[in-house]
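Since the structure comes first, as structure tokens, the remarks are kept for the end.
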Amino acid sequence: MIETEEKNEGQEKSLNFIEQKIEQDLAEGKNGGRVQTRFPPEPNGYLHIGHAKAIALDFGVAEKYNGVCNLRLDDTNPQKEDIEYVKAIEKDIEWLGFKWGKVLYASDYFQQLWDFAVELIKRGKAYVDEQTAEEIAKQKGTPTTPGQNSPFRDRPVEESLALFNEMNSGKMEPGKMVLRAKIDMASDNMHFRDPIIYRVLNIPHWRTGNKWNAYPMYDFTHGQCDYWEGVTHSLCTLEFVSHRPLYDLFVDWAKECAGDDKPLDDNRPRQTEFNKLNLTHILLSKRNLLMLVNEKVVSGWDDPRMPTISAFRRRGYSPEGIKAFIDKIGYTKFDALNQMSLFESAIRDDLNKRAQRVSAVVNPVKLVITNFPEDKTEVYTAINNPENEADGTHEIEFSRELWIERDDFMEDAPKKFFRLGPGKEVRLKNSYIIRCPETDFCKKDEEGNIVEIYAELIPETKTGEANCNMKIKGKTIHWVSCKHCLEAEVRNYDRLWMVENPRDEVANYSKQQGKDRIDIEDMRHFINPDSLEVKKAYVEKYCAEFKPLDYLQFQRVGYYTPDYDSTPDHLVFNKTVGLKDTWKVTSN
């Protein structure tokens, strides 16, 4: 029996290709049988759902194989980075349920990287180039034609050393000089054609102050930091496949310069690439997300319409649901566009297990039970979560006047409308069956809008009593007592983008306008003007006991969470996701 259970468990979840590779490395004794990874975001914005996939992998495999994952901030571009983003990154990782070994920074290695660059110059493997960026780009050639050597490629070592020091003096104009690695201008790999490894910025760094004015490039920083740090498996997305030979070469050079006598094949970081997480109706570029924030298209990085982890948290998505979705789509070597409906299905499945059930009416109209005494109140017991008995129960009051959903009543109801209407019967959840009269069934205002609906309860049909099993065609509808409920603001969120693939659609539109880069006006052309609907709703008093990030199900409506703006005097709830998938119906 035990063997069968273990076999079934193994069949339910097989190893992905990265885990297979790690297990092979461990079996071969590479890196001393260690597993060490790192998550290396640049602190130039808030993390988005794409980063969540990398986080789950980097931290997940380290945890699975008794290793360690460090958080290493790639802070090599101080003009775009800020401590605010560092704090947000740490908070997001912790919220997702992961723990890092150390918090490190690329800037921790600035001196080591500088010394390494100096050593490369001395060994004739790097030189200072005075050409413009345009001239360097032109001389690089194309994938089918070799590049041309820079006129500065063979300048004397002493001259390059002196100029390299001048690059960091703070007196050199940015763009006037760069340091390039001397590799092969005829290589089939464009990254080998003497890549730039240092440039001048003359910008104080938020951690190192004015010590550095020349900063290393990402390709020159990443591999060496992995090597010096002891990383065994460097996991990154597919766009870095072509960078891998350069990554390995710089690690080889770092080993040579350090005089490391360990066999490098068994003691080196191994870069492995996996597919990004792409979702329909979402744009994940941090540059464009920052533009949405700065132009106030959204209220901030954590606006619940944004694809950031902080926005998903505020909207009420659970970390368990996010990780379940990532686990479902898996890790492959091929990029794909995943449907938003699949993501929301994973969130919905998880929230169904943990959300507290409450009554809330988000599109209210008054229902008067004409044969129920005005001064009478009945108290019913409501189950908090049918999926978890330990969540207990709470009480809800019933009275003569109730709020119900406007959509639960139809004046000219067709035969297949099984909710309330003239001559129709429904059950009020946890309460009575009620019947709407054939005539004099409602009150209207001067504009013809229904403001009150009238019905009578059938006394012997009260829920829980022995003779309450009267059969009717009508459905069960929810309600809240007018005397005992609380007014609330409900924020219903829809997709921010009207097109399935905004990344390509916006880029193509921008090109058609003759622009080199996407601007806010290009994006506005595709933004959904109805992405946020704010409504006045009524909720049962129990809802006031919940705090932001608690998970609620407004019964028959959807999943919600209290917003950070919510106060005891002004309750605010964000819609997380509906009870049913609407993407198949409404997606373009």
Checklist entry - Of Lys13/Lys575; Lys429/Lys471; Lys21/Lys182; Lys376/Lys483, which pairs sit farther than 21 Å apart, going by alpha carbon to alpha carbon? => result Lys13/Lys575; Lys21/Lys182
Next on the checklist: Nearest 5 percent is fine: what portion of the DSSP beta bridges confined to the chain is antiparallel?
Outcome noted: 65
Next on the checklist: Can you tell me, using C-alpha contacts under 8 Å and at least 6 residues apart, the relative contact order of region 67-218 as a whole percent?
Outcome noted: 23
Checklist outcome for this item: With the 8 Å Cα cutoff and a minimum separation of six or more residues, region 42-102 has a relative contact order in percent of 51
Checklist outcome for this item: Residue by residue through region 430-447, the couplings from Karplus 6.51 cos²θ - 1.76 cosθ + 1.60 with θ = phi - 60°, in Hz, x for Gly and Pro, are 6, 9, 9, 7, 10, 10, 8, x, 6, 10, 6, 9, 7, 10, 10, 8, 5, 8
Item to check | Listed residue pairs exceeding 30 Å between alpha carbons, taken from Lys140/Lys171; Lys64/Lys333; Lys296/Lys541; Lys80/Lys276; Lys99/Lys122; Lys87/Lys211 | outcome: Lys296/Lys541; Lys99/Lys122
Next on the checklist: Sort Met410, Met291, Met172 by heavy-atom solvent-accessible area, probe 1.4 angstrom, most to least.
Outcome noted: Met410, Met291, Met172
Checklist entry - Out of Asn352, Asn294, Asn338, whose Cα points farthest toward the positive end of the dipole of region 287-357 (charges: +1 Lys, Arg; -1 Asp, Glu; placed on Cβ)? => result Asn352
Checklist entry - Of all trypsin sites (Lys or Arg not before Pro) in region 412-500, which ones are in loop regions per DSSP and have a Cβ with at most 11 other Cβ atoms within 10 Å? => result Lys415, Lys416, Lys471, Lys473
Item to check | Gain on full stretching of the segment that runs from Ser285 to Lys547 - 0.36 nm per residue minus C-alpha separation | outcome: 91.2 nm
Checklist entry - Tell me, what ³J(HN,Hα) does each residue in region 142-152 have, in order and in whole Hz, if you take phi through Karplus 6.51 cos²θ - 1.76 cosθ + 1.60 with θ = phi - 60° and put x for Gly and Pro? => result 10, x, 10, 10, x, x, 10, 5, 5, x, 9
Item to check | Estimated FRET transfer efficiency when R0 is 45 angstrom, pair Glu119-Asn528 (beta carbons, to 0.05) | outcome: 0.25
Checklist entry - Of Tyr564, Ala126, Leu277, which is farthest on the positive side of the dipole of the chain, counting Cα position, with +1 on Lys and Arg Cβ, -1 on Asp and Glu Cβ, and the Cα centre as origin? => result Leu277
Item to check | Accessible area per residue in Å² at 1.4 Å probe, computed on the chain | outcome: 48
Item to check | Length-normalised contact order for the chain - Cα pairs under 8 Å, 6+ apart - percent | outcome: 12
Item to check | Difference of contour (0.36 nm per residue) and Cα-Cα distance, Gln148 to Asp252 | outcome: 34.9 nm
Checklist entry - So what's the gap between the Cα centers of region 434-469 and region 115-159, to the nearest angstrom? => result 84
Checklist entry - Say R0 is 51 Å: what FRET efficiency, to the nearest 0.05, do Glu389 and Asp335 get from their beta-carbon distance? => result 0.70
Checklist outcome for this item: Whole-percent carbon and sulfur contribution to the accessible surface of the chain (1.4 Å, no ligands, DNA or RNA) stands at 47
Checklist entry - Of (1) 142, 73, 50; (2) 121, 48, 47; (3) 101, 65, 43, which one was derived for Cα extents along the principal axes in Å from the structure shown? => result (3)
Checklist outcome for this item: From highest to lowest solvent-accessible area (probe 1.4 Å; ligands, DNA and RNA excluded), Tyr218, Tyr564, Tyr227 read Tyr564, Tyr218, Tyr227
Checklist entry - Of all GluC sites (Glu not before Pro) in region 324-404, which ones are in loop regions per DSSP and have a Cβ with at most 15 other Cβ atoms within 10 Å? => result Glu374, Glu387
Checklist entry - Near the amide H of Leu571, under 5 Å away, which other amide H atoms are found, from residues 5 or more places off or on another chain, if H is placed in the peptide plane? => result Glu489
Checklist entry - Of Cys482, Cys69, which has the most accessible area and how do the rest follow, probe 1.4 Å? => result Cys482, Cys69
Checklist outcome for this item: Sorted by chain and number, the residues with a modelled amide H under 5 Å from that of Leu104, at a separation of 5 or more or across chains, are Leu71, Arg72, Leu73
Checklist entry - Once a ≥ b ≥ c are taken as the square roots of the eigenvalues of the Cα gyration tensor of region 1-127, is the result rounded (a/c under 1.5), prolate (a/b larger than b/c) or oblate (a/b not larger than b/c)? => result oblate
Checklist entry - To the nearest 20 debye, what charge dipole does region 317-380 have about its Cα centre, counting +1 at the Cβ of each Lys and Arg and -1 at the Cβ of each Asp and Glu? => result 160
Checklist entry - To the nearest 20 debye, what charge dipole does the chain have about its Cα centre, counting +1 at the Cβ of each Lys and Arg and -1 at the Cβ of each Asp and Glu? => result 520
Checklist entry - Picking from Ile520, Val534, Val499, whose Cα lies most toward the positive end of the charge dipole for region 440-588 (charges on Cβ: Lys, Arg +1; Asp, Glu -1)? => result Val499
Checklist entry - What is the projected area of the convex hull of the Cα atoms of region 495-548, averaged over all directions, in nm²? => result 5.8
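The values are calculated or read from the model by the stated rules, or taken from the named source; none is laboratory data. Since this is a predicted model, take the numbers as computed values, not measurements. All Cβ positions, even for glycine, are placed from backbone atoms using ideal geometry, and neighbour counts span all protein chains on display. Areas reflect the complete protein model, heavy atoms only, side chains present, ligands, DNA and RNA absent. Shrake-Rupley method; radii C 1.70, N 1.55, O 1.52, S 1.80 Å.
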